[in-house]
Amino acid sequence: MKKGVVNGRVGAILPSESLNIASKAKALAAAGEKVCNLSAGEPDFDTPDHIKQAAIDSLRRGETKYTPVAGLLSLRKAIAEKLRTENGLDVTPARVIVSNGAKQSLFNVFMALLRDDDEVILLSPFWLSYPEMIGVAGGKTVVVRGRQERGFKVTPEEVRAAVTSRTKALVINSPSNPSGIVYSESELRELADIAVACGFYIISDEIYEKIVYDEARHVSVGSLSPEIGEWTITVNGFSKAYAMTGWRLGYVAAPDFLTQAMDAFQSHSTSGPNTFAQFGALAALQAPSDDIERMRRAFSERRDYLVRRLEAIKGVSCVKPAGAFYMLPNIARFGLSGVVFAERLLEREKVATIPGGAFGSPDHIRLSYACGLNELAEGMDRFERFVAAL
Ligand code: PLP
């Protein structure tokens, strides 16, 4: 046996460009530089107090033991209720599995669903973790390119052309990380009709559902018809809507055969998610709260500001986001790849962003506006200066 050889699927995971920039940004900050961080994937807000209090109370009551693998029944009931009333999905608590973040929920889905070489269609620009998860689960990623000229949206014809006899699933992430686009109900229906006709699953990652702007509306694709519902796996979580990234709680609602497989898988990987975090999540769902709307309005104001600033910079073009808290300006006019652009922007002006290549979009960089307006303004002043000097 050869020494020092890792599992091939894990060895194939690409080193993350975003982590590379993040570690450089950290090193600069540690050296005393004032870095503007426009790369964060999490709200800058604190978790609302009533959620924290519920977790504290649960600890005081002694809720410190394992919960069922799929999560507390009370939480799964509240999630099923939320999915039924808010999202129009036909879900029972038995079809809900709570995990340590939507990231684990997605990983569970790919592990339970994919057989070797099954294909999963991703719509670019896509969230950078999907291809790595698909690869580790033994699947193959097939990318359908969302072109900037068409607002980063794909057409049904483009998706149909990518379908083969091995297509097992299509991932839809609306609102999207990194582009901020939101698919309308009719666009979702067209994509879902292909899935039903060809017989593959839709994995609908709805983690940014609460963060939508102006007339954009989030629609759960699984609610569009009972048949579409049977082909849909819905993933969501508490990180973004409730500013609970560090609590690590996400969930999935899926057909029975898959929940059973995911339950078995999770039982041997992490068991049930953190117990007292689940009591916090229960409070998040049960207590009426203005916090979601307060944060959404703040993101909306920042988005408007960022769009105004970017539109004023010659050579940069972008699609106005309708949701989430990211933007994807195109920087190809400057003759630098996204990686080189982001590296130089960090070195020269100390602004941290993420190169678009990781999202399947090498001509872009991703800016996050999950930071205060002052930091955003400072970041954009520096960005403008950097571009002017190119
Ligand atoms: N899905 C998307 C599109 C995301 O952007 C993220 C986090 O950045 C996640 C899922 C995972 O969220 P979490 O694991 O914090 O619940």
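For the chain, the fraction of alpha-carbon pairs lying more than 40 Å apart is 14 percent, rounded to a whole number. Taking the longest Cα principal axis of the chain as reference, the axis of helix 291-311 is set at about 30 degrees. The angle between the Cα long axis of helix 102-113 and the main principal axis of the chain comes to about 60°, on a 0 to 90 degree scale.
Using only alpha-carbon positions, what ratio does the radius of gyration of region 26-70 give when scaled by 2.2 N^0.38 Å?
Details: Rg = 18.0 Å, N = 45, 2.2 N^0.38 = 9.3 Å.
Cα Rg divided by the expected 2.2 N^0.38 Å: 1.92.
Which of 42, 293, 119 moves the most in a Gaussian network model of the chain with Cα springs under 10 Å? Evaluated over the chain, the most mobile residue of the options is 293.
To the nearest 10, the accessible area of residue 208 is 10 Å² with a 1.4 Å probe.
For a quick check of your reading of the filter: which trypsin sites (Lys or Arg not before Pro) in region 170-228 sit in a DSSP loop and have no more than 15 other Cβ atoms within 10 Å? It would help to have the intermediate numbers written out before the result.
Working: sites: 189, 210, 217; in loops: 210, 217.
Here the trypsin sites (Lys or Arg not before Pro) that fit, given the DSSP loop and packing criteria, are 217.
In terms of distances greater than 20 angstrom between alpha carbons, the cross-link table entries 103/240; 52/240; 103/140; 24/320; 82/240; 82/210 yield 24/320.
Can you check what the Kirkwood hydrodynamic radius comes to for region 61-123, Cα pairs only, in Å to one decimal?
Working: mean 1/r = 0.0727 Å⁻¹.
Mean inverse Cα-Cα distance, inverted, gives 13.8 Å.
Springs between Cα atoms under 10 Å define the GNM used for the chain, and in it the highest mean-square fluctuation of 22, 70, 241 occurs at 22.
Taking only Cα atoms and a 10 Å spring cutoff, compute GNM fluctuations for the chain and point out the largest among 108, 374, 177. Ranking 108, 374, 177 by mean-square fluctuation puts 374 first. Placing one equal scatterer on every Cα of region 167-258 and applying the Debye formula, the log10 ratio I(q)/I(0) at q = 0.25 Å⁻¹ is -1.31. Relative to the longest principal axis of the Cα atoms of the chain, helix 185-198 runs at roughly 60 degrees.
Per q in 0.11 1/Å, what log10 I(q)/I(0) does a Debye calculation on the alpha-carbon atoms of region 221-287 return? So the normalised log intensities work out to -0.34.
If you wrap a convex hull around the C-alpha atoms of region 1-137 and split its volume per residue, what is the figure in Å³?
Hull volume normalised by residue count: 248 Å³.
Report the one residue of 19, 5, 39 whose Cα lies farthest in the direction of the positive end of the charge dipole of region 5-71 (charges on C-beta: Lys and Arg +1, Asp and Glu -1; origin at the Cα centre). Comparing the listed Cα positions along the dipole, 5 ranks first. With Rh defined as the Kirkwood radius, the inverse of the mean 1/r over Cα pairs, the Rg/Rh of region 77-178 is 1.00.
For region 282-390, the fraction of C-alpha pairs more than 24 angstrom apart is 27%. For region 295-368, trypsin sites (Lys or Arg not before Pro) are listed when DSSP marks them as loop and at most 16 other Cβ atoms sit within 10 Å of their Cβ; the list is 314. The ellipsoid equivalent to the alpha-carbon distribution of region 100-151 has semi-axes of 22, 14, 7 angstrom, derived from the gyration tensor eigenvalues as √(5λ) and listed largest first.
Carbon and sulfur: what percent of the chain's accessible surface (1.4 Å probe)?
Details: 8750 of 16970 Å².
The nonpolar share, carbon plus sulfur, comes to 52 percent.
Look at where the Cα atoms of region 78-114 and of region 198-254 average out, and the two centres are 9 Å apart.
Across the alpha-carbon set of region 195-352, the Rg to Rh ratio works out to 1.04, Rh being the Kirkwood radius. Near residue 232, the amide H atoms lying under 5 Å from its own belong to 202; only residues 5 or more places off or on other chains count, and H is placed 1.01 Å from N.
Per residue, the convex hull spanned by the Cα atoms of region 275-335 measures out at 103 cubic angstrom. Solvent-accessible area per residue in the chain equals 44 Å², computed with a 1.4 angstrom probe and all protein chains kept.
The values are calculated or read from the model by the stated rules, or taken from the named source; none is laboratory data. Note that the coordinates shown come from a computational prediction; the quantities given were computed from them, not determined experimentally. All Cβ positions, glycine included, derive from the backbone under ideal geometry; neighbour counts span all protein chains shown. Ligands, DNA and RNA are stripped out before the accessible areas are found, and what is left, the full protein with its side chains, is counted by its heavy atoms. Shrake-Rupley method; radii C 1.70, N 1.55, O 1.52, S 1.80 Å.
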